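As structure tokens, the structure follows; a few thoughts come after it.
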Amino acid sequence: MNTETTPGAPRLLNDDIVFADAYEDARASFLMLSEGAGAATQSHRHPTAVGIDGAPLFVDTAYFGPRDARKVLLSLSGVHGQEFYAGSAAQRRWIRSERWREVPDDLGILFVHALNPFGCAWFSRTTENNVDLNRNFIDHTKPHQKNPTYGELIPLLKLGAPSEKAFADFEKKMKGLEESIGVEKFRRAVMRGQYEHPEATAYGGVKPEWSNTLLRRIVTEHLGTAQFVGLIDWHTGIGPTDGTFIVCFHNPGEPAFDHVCDWWGKSNVEKSLSSFGEFEFRPDFSGLAFQGVRESLPNAEVIGAVIEFGTYSPEEVSRAILVDLWLRFDCPDPAGEDAAYWCAYMMERLWPQSPDWRNNCLRLSDDLYSRTVAGLAAL
Ligand SMILES: [Zn+2]
């Protein structure tokens, strides 16, 4: 197994810093806190990708509790790179506030930190291959689904250079496309993912990403004896700016649906059946990490969701995604001032600077972790 411990001393001397704004700081803090709390940690080095300064990149895990636990809370951060900073803060805050001391003896907790380390370190939604990891967990041995409706969006995604005018033009053309295709049909196509355009958004790849294979290995190794797995995959950008939005994949009638309603509130979960951000339907996602976890644990009931912290309006978040694509493929000077300006613009929309917003995330995540632990304990 390709595992290593962190090289050199942690850069952070002060464990109060939960709000890291760089991958290396978040990672050092996660390892320091986890090891300080007595968790079993593992570090998985990316075989090819490196960080901005050329340093190696890792996915780290911390396991609390008995290794053969029948019930486990699994929490992921960094499936989407820019959104990693909120998920990592939630994980580190929980460890730092010693909440693991309150967990029943027969329950395990597994934190997977920075699942897409390239995206986390480089402030990009996607992996080193521009793959949206939450569209990659499909069966790649079968023909990849075509998404011709998505193809109509491709020409609009190239901004030239980001500017208020470029955004306004994009939004106008997008509205026109939605009206000609039908809003729901178009939005479902956009959300579903696509497997034909490697330099566009929502690209699911044509083979399993390294992070995909690794996650399957991690959960098989750590959770092989679990009967119940509660999964929280932290994200940002959808939902109310002062709250969470639960993107739940269970349907009424399934036992898992009743469990998440009990844990997180029926009305909160039900919202995700009929809405997504500003839209009044639940998209048909393919290739979510949730699906990969479920396939890897055929003997367990996997109960969970993507949980989003809302940030800005859907238009503002869409702008951030366009900027990500521009920085990735079209920015003429990636080390220049323009790139730095637009990177900060993008990050603000997915990891806002406001201390109030950030502290609210921690309150919300603490509450959701507690509810999930209590719910699992009662099963
Ligand atoms: Zn996300």
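Among the residues of segment 300-316, those identified as over 17 Å from T372 (Cβ atoms) and either within 19 Å of the chain's Cα centre (by Cα) or at pLDDT 95 or above (or both) are G310, T311, Y312, S313, P314, E316.
State yes or no: is G54 within 13 Å of the chain's Cα centre (by Cα) and not in a strand (DSSP E or B)? No. The set of residues in segment 79-129 being farther than 15 Å from M347 by Cβ and of a type in the set (A, V, I, L, M) consists of V79, A90, I95, V103, L107, I109, L110, V112, A114, L115. Of the helices (runs of 4 or more DSSP H) lying entirely inside segment 76-182, those containing at least 2 residues that are under 13 Å from the mean Cα position of the chain (by Cα) span 84-96, 117-122. Entry remark, segment 161-180: residues being without any contact (Cβ under 8 Å) to a residue 24 or more places away in the chain and exposed (fewer than 14 other Cβ atoms within 10 Å of the Cβ) number 10 in total.
Under the condition of being within 16 Å of the ligand (Cβ to nearest atom) and out of contact with any Gly (no Cβ under 8 Å at 6 or more places or on another chain), the residues counted in segment 297-311 number 3. Residues in segment 79-93 that are buried (at least 24 other Cβ atoms within 10 Å of the Cβ), away from the ligand (no atom under 14 Å from the Cβ) and not aliphatic (A, V, I, L, M): Q91, R92. Just one residue in the set T225, T201, T213, T220 is hydroxyl-bearing (S, T, Y) and within 15 Å of the ligand (Cβ to nearest atom); that residue is T201.
Quick grid of which residues meet (1) among the charged types (D, E, K, R); (2) in a loop (DSSP other than H, G, I, E, B):
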site: L325; (1), (2): no, no
site: C343; (1), (2): no, no
site: P352; (1), (2): no, yes
site: D356; (1), (2): yes, no
site: N359; (1), (2): no, no
site: D367; (1), (2): yes, no
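Do we have any residue at all in segment 58-78 that's buried (at least 24 other Cβ atoms within 10 Å of the Cβ), within 16 Å of the ligand (Cβ to nearest atom) and not hydroxyl-bearing (S, T, Y)? Among the residues of segment 58-78, at least one is buried (at least 24 other Cβ atoms within 10 Å of the Cβ), within 16 Å of the ligand (Cβ to nearest atom) and not hydroxyl-bearing (S, T, Y), which makes the answer yes.
For S97, the test of being touching a Phe, Trp or Tyr at 6+ places or on another chain (Cβ under 6 Å) and polar (S, T, N, Q) is failed.
The values are calculated or read from the model by the stated rules, or taken from the named source; none is laboratory data. It should be emphasised that the depicted structure is a prediction, and the values quoted were computed from it without experimental measurement. Positions of Cβ are backbone-derived with ideal geometry, glycine not excepted, and every protein chain shown enters the neighbour counts.
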